[in-house]
Amino acid sequence: RSLDQQLPGASRTHKRFHDPGSKKETQGLVLINPFEVPKSLEEEALAYWERCAEVLRQHPGFISTRLHRAITPDARFALINVAEWASAEQFYEAVSQPEFQAVAVEDAKKYPHSPALYEVVRDYERG
């Protein structure tokens, strides 16, 4: 299913807000994408993520991405991608491009994943 099907009411505009509990203005659009990856395919999955990230970071609206690895062996999701985008439109535009589809679609079947877009509603930092 496409992200539009998963999130039919998703906001398409970038929102910035300042949380009184935080010292900084916060980006309001985050992609969180957990991946189920068998241990035997972890290196291959890391290479897949790097190929996808390399393509996406070239597109307008990309802010950052970080890939997290579970530290417990029994975690359902071995890898979790967290990315910031300036707007949902720019994210959807980037993932619909042929160059992204070429690196992402076929190998994605090997690693069950559940991408979703989120708005930051609270942001707190120490200090």
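Averaged per residue, the stretch 47-127 has 65 square angstrom of accessible surface, using a 1.4 angstrom probe with ligands and nucleic acids left out. The modelled label-to-label distance for the pair residue 75/residue 119, using points 7 Å beyond Cα in the direction of Cβ, is 2.8 nm. The length gained on full extension between residue 59 and residue 110, counted as 0.36 nm times the residue separation minus their Cα-Cα distance, comes to 15.8 nm.
The values are calculated or read from the model by the stated rules, or taken from the named source; none is laboratory data. Because the structure is a prediction, the values reported are computed rather than measured. Every residue, glycine among them, receives a Cβ derived from its backbone with ideal geometry; neighbour counts consider all protein chains shown. These accessible areas exclude ligands, DNA and RNA; they are computed on the full protein's heavy atoms, side chains included. Shrake-Rupley method; radii C 1.70, N 1.55, O 1.52, S 1.80 Å.
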